[in-house]
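Taking it in order: structure first as structure tokens, then the write-up.
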Ligand SMILES: NC(=O)c1ccc[n+]([C@@H]2O[C@H](COP(=O)([O-])OP(=O)(O)OC[C@H]3O[C@@H](n4cnc5c(N)ncnc54)[C@H](O)[C@@H]3O)[C@@H](O)[C@H]2O)c1
């Protein structure tokens with residue numbers, strides 16, 4: 001039997017990168033998928049990709065920092081598929097690159113609104129929906145930046161550290177109610193966002209690769225596989241955990 005056979009899975013930021021890969025992995029693992037993104041074109045493209053492989057998917061346009069959008073996203077899921085069993089709260093925003101004193105307040109706020117408050121809003125509406133569906137699992141996408149910090153990315157790192165704490169808290173509250181809540185902490189992943197960064201900042205790709213003991217970045221599907229595992233019954237005793245999937249960023253990358 002496939003890992004998520006018969007389940008309904010929701011992915012925020014499903015229009016690109018890790019989110020799109022997670023939608024495809026969920027579908028390949030047997031789930032019906034709700035693709036959530038604030039960009040309809042890319043979200044609909046993910047639906048097309050899922051359907052091209054014989055899967056079933058629904059697109060919901062939503063900005064995870066807006067409570068009304070998040071409420072509507074979960075309501076649309078229940079209306080269309082009748083249940084919600086797993087969710088990956090993956091959408092996030094950075095505040096650009098600047099040292100702590102130089103961060104623009106608006107950029108700080110937007111990063112926190114999307115990357116931390118957005119995850120809380122998703123939990124707020126997903127948890128009751130999962131409970132009403134007989135239980136399930138949530139995986140929040142954090143980052144190694146939330147564990148070790150990241151120079152010139154304070155808002156992003158603070159938000160991701162917050163996601164890790166939020167994950168543990170929600171896990172504690174729902175452990176006896178049939179819902180597991182975990183996080184995944186990726187290292188560098190080859191998505192459009194990171195490709196743009198590498199193009200903009202000279203030497204950044206080699207520098208980034210060098211911080212990974214494996215001396216490479218991940219493909220989005222490698223993170224999606226971790227999300228699917230944590231969502232599945234194979235991880236039935238795992239909750240409140242922030243699983244590092246970083247190619248060795250957090251081990252000493254210089255020993256090899
Ligand atoms: N790429 C990496 O190297 C890396 C490393 C560690 C953690 N992460 C985390 O992985 C997750 C996905 O990153 P990615 O690199 O795949 O990003 P990406 O930029 O490739 O894709 C993000 C998607 O989220 C959508 N999105 C952005 N803001 C949104 C909002 N407010 N509401 C709804 N949708 C929104 C975008 O439209 C886009 O489709 C993020 O949480 C990111 O912080 C990424």
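Values in this text are rule-based calculations from the coordinates and carry no lab data. Nothing here was measured: the structure is a model prediction, and the numbers come from that model. Ideal geometry is used to build each Cβ from the backbone, glycine not excepted, and the neighbour counts take in all protein chains shown.
Taking 8 Å as the Cα distance limit and 6 or more residues as the minimum spacing, I'd like the relative contact order of region 181-256 as a percentage.
Relative contact order, region 181-256: 52 percent.
When the expected Rg is taken as 2.2 N^0.38 Å, what fraction or multiple of it is the alpha-carbon Rg of the chain?
0.96
Order these by the 10 Å Cβ neighbour count, fewest first: 169, 239.
169, 239
Calculate how steeply helix 67-81 sits against the longest principal axis of the alpha-carbon atoms of the chain, using the helix alpha-carbon long axis, and give the answer as 0 to 90 degrees to the nearest 10.
So the helix axis and the longest Cα principal axis differ by about 50 degrees.
Based solely on its DSSP helices, what 222 nm [θ] is calculated for the chain when runs of n ≥ 4 H residues each add -39,500 (n - 2.57) and the sum is averaged over all residues, nearest 500 deg cm²/dmol?
Taken over the chain, the calculation gives -14000 deg cm²/dmol.
Using Cβ counts within 10 Å as a stand-in for footprinting exposure, how do 22, 77, 200, 191 rank, fewest first?
200, 191, 77, 22
Take 115, 232 and order them by how many other Cβ atoms sit within 10 Å, fewest up front.
Fewest-to-most ranking of 115, 232: 232, 115.
In whole Å, what are the Cα extents of region 1-133 along the three principal axes, biggest one first?
The Cα atoms of region 1-133 stretch 52, 30, 24 Å along the principal axes, largest first.
Return one number: the angle in degrees, 0 to 90 and rounded to the nearest 10, between the long axis of the Cα atoms of helix 154-174 and the longest principal axis of the Cα atoms of the chain.
Taking the Cα atoms of the chain, the angle to 154-174 is about 30 degrees.
Compute the separation of the alpha-carbon centres of region 201-256 and region 100-121 and state it in Å as a whole number.
So the separation of the two Cα centres works out to 24 Å.
So what's the angle, to the nearest 10 degrees on a 0 to 90 scale, between helix 17-28 and the longest Cα principal axis of the chain?
For helix 17-28, the angle is close to 30 degrees.
Taking region 139-256, how much of its Cα-Cα pair set, in percent, is spaced more than 18 angstrom apart?
The proportion of pairs with Cα distances above 18 Å equals 55 percent.
For residue 206 and residue 107 in one chain, what is 0.36 nm times their gap in residues minus the Cα-Cα distance, to one decimal in nm?
Roughly 32.9 nm would be gained on extension.
Below 8 Å between Cα atoms, with a sequence gap of 6+, how large is the relative contact order for the chain in percent?
Dividing the mean separation by the residue count of the chain yields 19 percent.
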